[in-house]
Amino acid sequence: MTKPIFGLASNGKKNLLSGSAPSGNLTIGNYIGAIKTWGELQAEFNCYYMVVDLHSITTRQDPKLLRERSLSFYAQYLACGLDPEKNKIFLQSHVSEHAELAWVLNCFTPFGDLTRMTQFKDKSAKHPKNINSGLFTYPVLMAADILLYDAHLVPVGEDQKQHLELTRDIALRFNNEFGETFAFPDPFIGKVGARIMALQEPTRKMDKSDPNANNTIYLLDDPKLITKKCKSAQTDSGSEVRFAEDKPGVANLLTIYSVLSGLTIPQVEEKFVGKMYGHLKVELAELVCATLAPVQARHADLMKNQDYLHSVMQKGADLAAEHAAKTLARVYDKLGFIPKGARK
Ligand code: TRP
C-alpha cells in the first residue's frame, strides 16, 4: 500500500498556497503567470492565497502606501476572479502564526543554506544600504507560509524555486527528527509556462518593483498608458512577426497576445503574416485594455465598498488561522513547549 498523503484537507483535496508581496504594483506578468491561473485551481484544490505584507518590509516601505497597496492588492485578487467563498484569501500579517513558525524554522535552517540564496544576493546588491537580517531570513518566513497550511502544491515562478527547495529541506529535517509534522510541498507548474518579460529589456522578467515603469504594464494602468507602453516596447531587428529566440522582444509580445487571446503562438503568427511590428503592438494594446477593463472596473467597485472588502479579508484570515493554529500547536508540542492553560 502506498503511504497516505499527510495533511490532506478534510474533503480529501490537496492544499495549494501562493502569495505575492505588496511592494510595487501588480503587473500583467503577475496576472498571466499567477493570479489568472490561481482562479482556475479553486475547484481542484484547497487553496490559500496571501498578500504577503510581512515579506514586503524586507525593503523599506512607506507605511501609508503599504496600507493602501495591501488593500488594493487584495481587491485586485478578487477583481481578477479569485472567489473568496471558494478560496482562503488573506493578509499574511493577520495570521500571527506565520511569524511564530518562522522563528522556529529559523532554528532548523543552517546559516550556510541561506547564504546560497540567489535572491538574497541579488537584493542585497540592489539595496546595499539596507542588508537587514529579514532580507536574509526571508526564505524561512516563506517556508513558514507554506508549511503552516500543509501546502502540497506551491505555484511559484522560476525565481522562487530555490526557496521552495529550502522549504522542502527544512520540512524533511524537522520530520526526520520529530516524526511526520509537515506535509511535503512540490512546486506547481501551471499549464502555460508563460513568463512575461520586461518590455524594454525583454531578456529579463517583468518585475512589479522595476524602477522603470515602461518595462511593466500594471493591472491598474489606464488604457492610454497601456497603449503607450505597448507601442514603445522594445522589438528586435528585422520586421517579421515571428516567435524566435533571437527575437526576445517580439516573442514576449506574442506570448502576451497568445495567453490573453487564447490563440496558440502559431495562430498568432499566422494572424500577423505580412504585417509589421507596429500592427502587433497596436492590436496587443487593444487586447490588453479589453482584458483589463473589467478587472479595473471590479477593482474600483471593491475599493468603494471597503466594508465588504474588510469583512471578506477578516473571514479569510479567520479560516486561515484555524488551519495555522493546528499546525503551530503540533510543532510546539513536538518541540516540548508547554501549552498555555494545559493544567486547569
Ligand atoms: N517570495 C515570493 C515571491 O517573491 C512570495 C511568497 C511569500 C510566496 N510567501 C510565499 C510565494 C509562499 C509562494 C508561497 O514571489
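Coordinate-derived values only; no laboratory data. Not measured: the values here are computed from a predicted model. No Cβ is skipped: glycine too gets one built from the backbone with ideal geometry, and neighbour counts run over all protein chains shown.
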Relative contact order (percent, whole number), segment 188-268, Cα cutoff 8 Å, 6+ residue spacing: 25
Highest-fluctuation residue, Gly249, Gly179, Gly316 considered, GNM on the chain with Cα pairs under 10 Å: Gly179
Residue of Tyr277, Tyr332, Tyr149 that the Gaussian network model of the chain assigns the largest fluctuation, springs spanning Cα pairs under 10 Å: Tyr332
Estimated 222 nm signal from helices in the chain, with DSSP H stretches of n ≥ 4 weighted -39500 (n - 2.57), rounded to 500: -15500 deg cm²/dmol
Kirkwood hydrodynamic radius (C-alpha pairs) into Stokes-Einstein, segment 231-283, 10 °C and 1.306 mPa s, D in µm²/s: 147
Per DSSP, loop GluC sites (Glu not before Pro) in segment 215-300 with at most 10 further Cβ within 10 Å: Glu245
Pairs of Cα atoms farther than 16 Å apart, segment 74-166, %: 63
Cα-only Debye scattering, the chain: base-10 log of I(q)/I(0) at q = 0.13, 0.14 Å⁻¹: -1.05, -1.18
Residue-wise HN-Hα coupling along segment 270-284, computed from phi with Karplus coefficients 6.51, -1.76, 1.60 (Hz; x: Gly, Pro): 4, 4, 10, 4, x, 9, 9, 3, x, 4, 4, 5, 5, 5, 5
Unit charges on C-beta of K, R, D, E only; dipole of the chain, Debye: 480
Whole-number percent relative contact order across segment 108-244, with pairs defined as alpha carbons under 8 Å at least 6 apart: 17
Listed residue pairs exceeding 25 Å between alpha carbons, taken from Lys208/Lys326; Lys3/Lys334; Lys3/Lys315; Lys14/Lys326; Lys126/Lys231; Lys161/Lys340: Lys208/Lys326; Lys3/Lys315; Lys126/Lys231; Lys161/Lys340
Gaussian network model of the chain, springs between alpha carbon atoms under 10 Å - residue of Ala324, Ala75, Ala290 with greatest fluctuation: Ala290
Cβ-based charge dipole, the chain, positive-most Cα from Val154, Leu54, Leu263: Leu54
From phi via Karplus (6.51, -1.76, 1.60), per-residue ³J(HN,Hα) for segment 204-221 in Hz, x at Gly/Pro: 10, 5, 5, 10, 5, 9, 4, x, 8, 5, 6, 7, 10, 9, 8, 4, 9, 5
Per-q log10 I(q)/I(0), segment 135-221, q = 0.14, 0.16, 0.18 Å⁻¹ (Debye; single scatterer per alpha-carbon; no solvent): -0.63, -0.75, -0.86
Integer Hz, Karplus 6.51/-1.76/1.60 couplings in order for segment 326-342, x for Gly and Pro: 5, 5, 5, 4, 4, 5, 4, 4, 4, 6, x, 7, 7, x, 4, x, 5
Relative contact order computed over the chain (Cα-Cα under 8 Å; 6+ residues apart), in percent: 21
Cα-centre dipole for segment 199-284 with unit charges at Cβ (Lys and Arg positive, Asp and Glu negative), debye to 20: 220
Cα gyration tensor, segment 261-344 - rounded (a/c under 1.5), prolate or oblate: oblate
Cα long-axis angle, helix 133-148 against the chain (0 to 90 degrees, to the nearest 10): 80
